[in-house]
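In what follows, a structure is listed as structure tokens, so that the remarks can point back to it.
The values are calculated or read from the model by the stated rules, or taken from the named source; none is laboratory data. Predicted, not measured: the structure shown is a model, and the values here were computed from it. Cβ placement follows ideal geometry from the backbone for every residue including glycine, while neighbour counts extend to all protein chains displayed.
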Amino acid sequence: MKEHNARAQGIEHGPRQTRRGFLKTTAAASVAACAAGSITPLSQALADDMMGDSAMGTDGKALSQVRSTCSPNCTGACGMVAATYDGKVRTLIQAADYGDDGYNPRGCLKGTSFNTMMYGDDRLLHPMIRETPYKDGGQLRACTWDEALDFAAKRIREITEKYGADSIAVDYQVPPLNYINKGTFIRLVNMSGWTNFPGYEMNGDLPMFFPETFGCQCEELESYAWEDSRLTLNFGSNIMTTRLPDSHFLTKSQEAGGKVIYFDPNYTVTASKADEWVRLAPGSDTAVALAMAKVMIDEKLYDEAFVKTYTDLPLLVNTATGKRIPASAVNGLERPQDTPEKREAYIAVVDGTPVVINPTRLEAPSSVELEGSYRIELKTGETVEAKPAFQLLKELLDRDYTAAKAQNISDVPAETIERLARMTATIKPAHIILGGSAHQYHHGDLKGRALSLLAVITGNVGTLGGGISDYIGQYKVRFKPASWFMPANANATSTPYHYFVNGPTETMTAPYPKNGFHALVTGWANPFDQHAVCDVLRKRVESGELEFIMTCDFLHTTTVDYADVVLPGCAWYEKTDVCTTPLHPYIQLQQKAADPPGEARAEIWIFSELARRIDPAWGEQFPDFPPEDSEKQIEAVLAKFLETGGDKVAGITVEDLRRGPVKMKHANPEEKMIPFWDQIHNHVLFPPPSLPNAPGSTDHFVPTGRIEFYKDHDRFLEMGEQLPVWKPLFEDTEYALDPSAREKYPFNYLTRNSLYRVHSNYSSNPMMLELQDGLPRVWMNPDDAAAKGLAEGDEVEVFNDRGHVNGKLVYEPGLYPKQCIFEMGWWARYTEDSSYNTLIYPFINPIHEIYFIGATWSTNMAWNECLCDVRKAGAK
Amino acid sequence: MKLGMAIDLDRCIGCRTCMVVCKNHNAQPEGIWWNRVFTIGSDEHQVATGTRGAGYEMAFMPVSCQHCENASCVKVCPTGASYTADDGTVLVDYERCIGCRYCLAACPYGVRQFNWEDPAKTKGVDEDRYCYGYPLDSLDEGRLVYTRDRPQGVAEKCTFCHQYRVEGEKPACVRGCPANARIFGDLDDPNSDVSRYLDGRPTSRLREELGNDPKVLYVQAGAKQKPQLVYGEGM
């Protein structure tokens, strides 16, 4: 029966050889099964050792296992074991080998099915070029590497001669996903003088409240510190859907007795798991936070010593000018000679007398005044009224942010605001999380400033489990990368995408190319779907304004369809690289588990080769090697990184990393990193360094050296934002752009993150598609939808003057009214060649422009500051 | 030995990683999911039920083979293809299965699925389409209980990842759950991970009234004060 069935059904099998008996043979076979030198015996043996050794099929092929890291820019950086058989990665499973067991296992549905994308229909197998421009109907054709690279080099030289190097725009995803291969591209960009669009702003962006308040990029808690919080206030971060590998740390905090309070207009998975869900009106977070601050101040629940020592709130502000008063301007006082560069010495009042607050160290007399009004005699002979910033804050809160007023704005009952304020002031440590989606509004920075106020006046900074975090991307460079990123004679320039779309502004601090933009070179990214201005990109290619597009990727994205040169790169199980994330403390390798299919090659080779072909003189800065030696070159770059990467990676060797994840060092003696530890415990001035920028390069953002809640830059004063204030949605944006939008477009259009995609990654993953029936959806509150005559399941069109997108309508009862939600990341092929991003307008907030840092920080892209209407598809 | 699984519904966040890991490691073709995670009461995953006035609810229910002690599927199988192994797991011998589908009708949990088409063709494995599935066969006492390309016309379902258990590893869904919601082991061994986890916790089982005696136990929503889960210990 058995034999009969086996034959009839065509099954061929035999006793499978078990692992233990084949220890010796498999180590050799697994290496031999791959191209010579493609997997180092060291990494293979170690992975085998970790997983038990390899199994072998009856066909004599070995099942080998390699420890690598999933790296799609989701902040996970999850250790994975790739099982390879017959040259292909067959399965993936979490490595679960982190030293801190709380991080095990780390991964999600997307990353663990990544192998389905490595060999699918969309995999780029050959270089391609388009010799006749797109606008003239030219088509991509497969070609050799020589043809592709020579064609690319020629076109780049032509454009450089015609318009200048800075007319070539560059867009790539954040560096810490793969410091080495992407780092090669960064090295080329820094060599060439092409204009770098900060990769940060395509999917997320630096929450501007961080440089405004603390002078630095985010200093967030690594997720294992969440379990140390006794209270978590989460403002709109749907962690249980968008930070899957970290979400259990919130659960753990609850299991340990901590409380999680979730503020969101919408009932999400995270709401369902919270101890309390606070349903607040969209965009009202700032008002709620300021009303909570008022309760804390009124009831003297704030940490007075902390406020005096670390913040700018004791410093005197001239009430006539709105400016802080520098010591050098005050009669009888002088600017101390040791006042650091980019800093100013300011004054406060002690015993009724103005004194200079030490500009070199975070300290203040305990008797320094926080309240009151004072007459200060200036050197000019003039006497002016001055108040501590704290007094101005108090007056602002008294006037505009009573709990009752906040209730009117937010829909949150005043008694709830008061109760939560008392909880926040008394339960410690408390951690505040601001969702990336929540800050991606025109005035998202004001939310962050108001929430920072809560974290700071309660003294929840510099303590384990306390602080404020905004998790928006794997942006954070965690060791010094200059040894590879920066060539000798670097010629780097950068400007935000915003100016590419809108043209230069009078208030910009970034440079702008003299002849505008005429080419786009992109890698590891899909801007023709995922960027908020994807339709602008498309139109400029169609019109010929953008004369040349080059992309490097491993999948055939929408961007590939617009490219003139397509360079097929490696997926992250096909090369070695190194990566880090802000969410955990481990530096890890991506390791090569299989050779790339077809002609795909490691990017270190691609961009080294391209550099030499563009300009032989650049070749001196790039290694010359055949593609099969890519792993060797990568290892050399890695070794140099570890040698020169600074304190955080000091002492770590390549061999250590081949063995598994290695925890990076941090400043504080505790097991887990504590943000701002140096500032709070060693009284070092703010800000801490923001890699990859040089130390001190952002000092001027907080001239007091303190946590700044009062901003006296002219632009803040002009916009009435010297202190955090609530501003209503759309008034400065959609309604200002088109007053008729107030009537025409009643819904707030939100493009939230999906369970099934990371940005536009995984869009064509067959398993993710199956889970969604292959259909993009539009979510609405059932009452809103019914009022529009739309039934559940209808195909609807979401639209405004700028664009449109279609989807299947889902009634979502937990949604706050007047919202229309689409999940980002669908490639154009799934949305009838339109894009969810066509509706969005890249508004520029002039305050954000102050904080531009080349290739790093841009004015925020306010994805959610967008209005729309909805109708049945085809009902136009 | 009685292998079983606890699923903590407080910890489950409905992320469906277990579904996908299961499908990937067990080579399930399009349309077949041995393991499914539902949002209770909602056709759309992760969409709450309820109203503003009455309050909202969103709870998740992962469902796969319950590995019943008293398994309906085993009773109705005319060929002995469905059987209970010595470790208590309910398995299907693909070489004995004649595709009668009595087991699909008998299973009260609807977890058995049927390969109507040639799965290898459906998946496009080795045809430069996508590529997945543990590639080697797995045998239980000579019976073929896992093979990547199941023959057309057999019933299939969760095996608690036989192919991994024989190597001393846990099922893929347990290793894959980022929420630490799945705990696996020998229910007969008081020191196993699963027994220690379940000790003192209120649990429920699906359709208990039928008397199938499932070995998948759901830790009830609302149970707090759980002990620290140690990941990586033996079964």
Practice problem: Within segment A:759-778, identify whether any single residue is touching a residue at least 60 places away in the same chain (Cβ under 8 Å) and basic (K, R), and answer yes or no. | Solution: no
Self-check item: Test for A:D833: is it of a type in the set (D, E) and on the phi > 0 side of the Ramachandran plot
Solution: yes
Practice problem: Output the residue which, of all residues in segment A:473-489 that are of a type in the set (F, W, Y) and at pLDDT 95 or above, is nearest to A:L244 (Cα to Cα). | Solution: A:F479
Quiz item: Which residue, of B:E167, B:E95, is part of a loop (DSSP other than H, G, I, E, B), within 11 Å of chain A (Cβ to nearest Cβ) and in contact with a Leu (Cβ under 7 Å, 6 or more places away or on another chain)?
Solution: B:E95
Self-check item: Qualifying positions in segment A:584-630 - within 20 Å of A:L92 (Cα to Cα) and assigned to a loop (DSSP other than H, G, I, E, B)
Solution: A:Q591, A:K592, A:A593, A:A594, A:D595, A:P596, A:P597
Quiz item: Of the residues A:V541, A:V536, A:V566, which single one is modelled with pLDDT under 95, within 21 Å of A:G138 (Cα to Cα) and either assigned to a loop (DSSP other than H, G, I, E, B) or over 22 Å from the mean Cα position of the chain (by Cα) (or both)?
Solution: A:V536
Practice problem: Those residues that are acidic (D, E) and farther than 15 Å from A:M208 by Cα, I need them from segment A:700-755; list them, please. | Solution: A:D712, A:D714, A:E718, A:E731, A:D732, A:E734, A:D738, A:E743
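One line per residue, one yes/no per condition, for (1) within 11 Å of chain B (Cβ to nearest Cβ); (2) in contact with a Cys (Cβ under 9 Å, 6 or more places away or on another chain); (3) farther than 20 Å from B:V21 by Cα:
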| site | (1), (2), (3) |
| --- | --- |
| A:A95 | yes, yes, no |
| A:G99 | no, no, yes |
| A:P105 | yes, yes, no |
| A:K110 | yes, yes, no |
| A:D122 | yes, no, yes |
| A:P127 | no, yes, yes |
| A:Q139 | no, no, yes |
| A:W145 | no, no, yes |
Quiz item: What pairs can you find where one residue is in segment A:152-165 and outside any helix (DSSP H, G or I), the other is basic (K, R), and their Cβ atoms are less than 8 Å apart, with a gap of 6+ or different chains?
Solution: A:G164/A:K514
Quiz item: Given the conditions (1) at pLDDT below 95; (2) in contact with a helix residue (DSSP H, G or I) (Cβ under 9 Å, 6 or more places away or on another chain), which single one is not true for B:R52?
Solution: (2)
Quiz item: Is segment B:77-90 home to any residue that is within 10 Å of chain A (Cβ to nearest Cβ) and either closer than 26 Å to B:P135 by Cβ or in contact with a His (Cβ under 8 Å, 6 or more places away or on another chain) (or both)?
Solution: yes
Self-check item: Only one of A:D732, A:D784 that is in a loop (DSSP other than H, G, I, E, B) and not hydrophobic (A, V, I, L, M, F, W, C)
Solution: A:D732
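Yes or no, residue by residue, for (1) assigned to a loop (DSSP other than H, G, I, E, B); (2) touching an Asp or Glu at 6+ places or on another chain (Cβ under 7 Å):
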{"residue": "B:C12", "(1), (2)": "yes, no"}
{"residue": "B:C18", "(1), (2)": "no, no"}
{"residue": "B:K23", "(1), (2)": "no, no"}
{"residue": "B:E30", "(1), (2)": "yes, yes"}
{"residue": "B:P62", "(1), (2)": "no, no"}
{"residue": "B:N70", "(1), (2)": "yes, yes"}
{"residue": "B:G80", "(1), (2)": "yes, no"}
{"residue": "B:A105", "(1), (2)": "no, no"}
Exercise. Considering only residues that are touching a His at 6+ places or on another chain (Cβ under 8 Å) and surrounded by fewer than 24 Cβ atoms within 10 Å (Cβ to Cβ), look in segment A:209-245 and name the one that is nearest to the other protein chains (Cβ to nearest Cβ).
Key: A:Y224
Self-check item: segment A:734-762, subset modelled with pLDDT of 95 or more and among the small types (G, A, S), residue surrounded by the most Cβ atoms within 10 Å (Cβ to Cβ)
Solution: A:S754
Quiz item: In this structure, does B:G185 turn out to be more than 9 Å from every other protein chain (Cβ to nearest Cβ), assigned to a loop (DSSP other than H, G, I, E, B) and of a type outside the set (D, E)?
Solution: no
Quiz item: Is it the case that some residue within segment A:551-561 is in contact with a strand residue (DSSP E or B) (Cβ under 8 Å, 6 or more places away or on another chain), within 30 Å of A:R715 (Cβ to Cβ) and not in a helix (DSSP H, G or I)?
Solution: no
Quiz item: Does A:V778 fit the bill of being within 13 Å of another protein chain (Cβ to nearest Cβ), in contact with a Gly (Cβ under 6 Å, 6 or more places away or on another chain) and aliphatic (A, V, I, L, M)?
Solution: yes
Practice problem: Read through the list (1) more than 14 Å from A:A421 (Cα to Cα); (2) not assigned by TED's automatic domain parsing to the domain that holds A:E377, then give the number of the only condition that A:L315 fails. | Solution: (2)
Quiz prompt | Residues of segment A:327-342 satisfying the condition of being surrounded by fewer than 18 Cβ atoms within 10 Å (Cβ to Cβ) and out of contact with any Ser or Thr (no Cβ under 7 Å at 6 or more places or on another chain) | solution = A:S328, A:N331, A:G332, A:P336, A:Q337, A:E341, A:K342
Quiz item: Taking segment A:837-876 as the search range and keeping residues that are among the polar types (S, T, N, Q) and not in a loop (DSSP other than H, G, I, E, B), which one is surrounded by the most Cβ atoms within 10 Å (Cβ to Cβ)?
Solution: A:N837
Practice problem: Report yes if some residue within segment B:43-57 is more than 20 Å from A:P265 (Cα to Cα) and under 19 Å from the mean Cα position of the chain (by Cα); otherwise report no. | Solution: no
Self-check item: The lone exception for A:S760 - which of (1) in contact with a strand residue (DSSP E or B) (Cβ under 9 Å, 6 or more places away or on another chain); (2) more than 13 Å from A:D869 (Cα to Cα) it fails
Solution: (1)
Exercise. Inspect segment B:142-161 for any residue being part of a loop (DSSP other than H, G, I, E, B), surrounded by fewer than 23 Cβ atoms within 10 Å (Cβ to Cβ) and away from every other protein chain (no Cβ under 12 Å) and give the result as yes or no.
Key: no
Exercise. Scan segment A:795-817 for residues that are within 14 Å of chain B (Cβ to nearest Cβ) and either surrounded by fewer than 18 Cβ atoms within 10 Å (Cβ to Cβ) or not aliphatic (A, V, I, L, M) (or both) and report the count.
Key: 8
Exercise. Could you please give the count of residues in segment A:247-273 that are closer than 15 Å to A:H584 by Cα and at the interface with chain B (Cβ under 8 Å from one of its Cβ atoms)?
Key: 2
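Conditions tested, residue by residue: (1) touching a His at 6+ places or on another chain (Cβ under 8 Å); (2) more than 25 Å from A:V778 (Cβ to Cβ); (3) buried (at least 16 other Cβ atoms within 10 Å of the Cβ); (4) charged (D, E, K, R).
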site: B:G14; (1), (2), (3), (4): yes, no, yes, no
site: B:G31; (1), (2), (3), (4): no, yes, no, no
site: B:N35; (1), (2), (3), (4): no, yes, yes, no
site: B:F38; (1), (2), (3), (4): yes, no, no, no
site: B:H45; (1), (2), (3), (4): no, no, yes, no
site: B:G50; (1), (2), (3), (4): no, no, no, no
site: B:M61; (1), (2), (3), (4): no, yes, yes, no
site: B:C73; (1), (2), (3), (4): no, yes, yes, no
site: B:V92; (1), (2), (3), (4): no, yes, yes, no
